[in-house]
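Computed from the coordinates by the stated procedures, all read-outs in this text should not be read as laboratory data. Remember, predicted model here, so these are calculated numbers, not experimental data. Note: ideal-geometry Cβ built from the backbone for every residue, glycine included; neighbour counts use all protein chains shown.
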Ligand SMILES: C[S@@+](CC[C@H](N)C(=O)[O-])C[C@H]1O[C@@H](n2cnc3c(N)ncnc32)[C@H](O)[C@@H]1O
């Protein structure tokens with residue numbers, strides 16, 4: 001294999017994992033791993049450190065990227081990404097337009113399902129970081145474009161099945177979406193504040209979208225202990241409001 005991989009082992013009762021590229025060597029507290037050897041292996045094989053500790057080689061999946069990818073800011077949470085995927089019915093023939101790219105976490109999940117993702121990022125440094133993350137994820141179907149989605153969307157002459165907007169500019173971008181979305185396609189916006197969500201709803205209200213809904217997803221983890229089983233008492237934080245509309 002010639003792609004990034006996850007190396008995982010259980011040592012002294014604890015799971016350890018490393019996200020690596022098949023080049024050079026890596027010094028760990030379990031010994032030195034000759035990463036070049038990965039080129040002769042496939043996912044599911046094992047690799048040993050010079051101290052004889054065996055690690056299993058796994059194919060990275062989007063949740064691994066959520067944990068290991070470099071971040072330029074707050075990425076979208078898997079619970080919210082799941083709602084986007086389920087409500088749009090994203091599938092392998094879909095073309096997706098995404099903005100802003102940020103760390104590229106949403107784009108990675110979308111790209112692991114859809115045929116193609118075009119994603120716009122206004123900041124060049126963030127774009128370069130996302131480019132690295134896409135390479136780490138082993139995805140070649142994500143096209144990164146530098147630019148302000150508010151102006152760039154007006155120049156597009158292609159159409160998309162799903163459009164995801166995660167920027168403060170979303171309400172100003174919405175008026176141009178009908179020109180570049182296939183009939184029956186979905187627009188999804190993500191906004192941390194009520195005020196933003198309201199502006200987006202007003203903007204959508206001035207177009208011909210149908211089945212418009214704004215939702216918040218709450219995820220409660222269940223904790224298991226000798227004392228009993230119950231929802232975790234850890235704080236459930238707010239992430240963002242998701243607005244879904246169909247054209
Ligand atoms: C909250 S982050 C997106 C996170 C991303 N969805 C993820 O899962 O990693 C918002 C990103 O939008 C970018 N951005 C802000 N305004 C933009 C615009 N007008 N056009 C393109 N990108 C923009 C920001 O630089 C930032 O990286």
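Here region 79-220 is described by how far its Cα atoms reach on the three principal axes: 41, 39, 29 Å, from widest to narrowest.
Beta bridges per DSSP, both residues in the chain: antiparallel share near 60 percent.
Using alpha carbon coordinates only, what is the Rg to Rh ratio of region 5-58, with Rh defined as the Kirkwood radius? Mind dumping the intermediate values first?
On the way: Rg = 10.0 Å, Rh = 10.9 Å.
Across region 5-58, the Cα-based Rg/Rh ratio is 0.92.
For the pair region 119-147 / region 157-222, the C-alpha centres are spaced 22 Å from each other. In the frame of its principal axes, the chain has Cα extents of 65, 50, 30 Å, reported largest first. Each 5 Å bin, from zero up to the one with the longest distance, holds this percent of the alpha carbon pairs of region 1-115: 2, 10, 19, 17, 15, 13, 12, 8, 3, 1.
Here the convex hull built on the C-alpha positions of region 180-245 has a volume of 106 cubic angstrom per residue.
Each Cα pair under 8 Å and six or more residues apart adds its sequence gap; the mean of these over the residue count of region 5-58 is a relative contact order of 34 percent.
Placing pseudo-labels 7 Å out from each Cα toward the beta carbon at residue 216 and residue 56 gives an inter-label distance of 3.9 nm.
Each residue, residue 36 and residue 169, gets one label point 7 Å from its Cα in the Cβ direction; the gap between the two is 4.6 nm.
Could the peptides 146-158, 123-135 be put in order, highest first, of the mean number of other beta-carbon atoms found within 10 Å of their residues?
Highest to lowest by the protection proxy: 123-135, 146-158.
Remark: relative contact order (region 64-246) = 19 percent; criterion is Cα-Cα distance under 8 angstrom and separation of 6 or more residues.
Coordinate range of the alpha-carbon atoms in region 94-154 per principal axis, descending: 28, 25, 14 Å.
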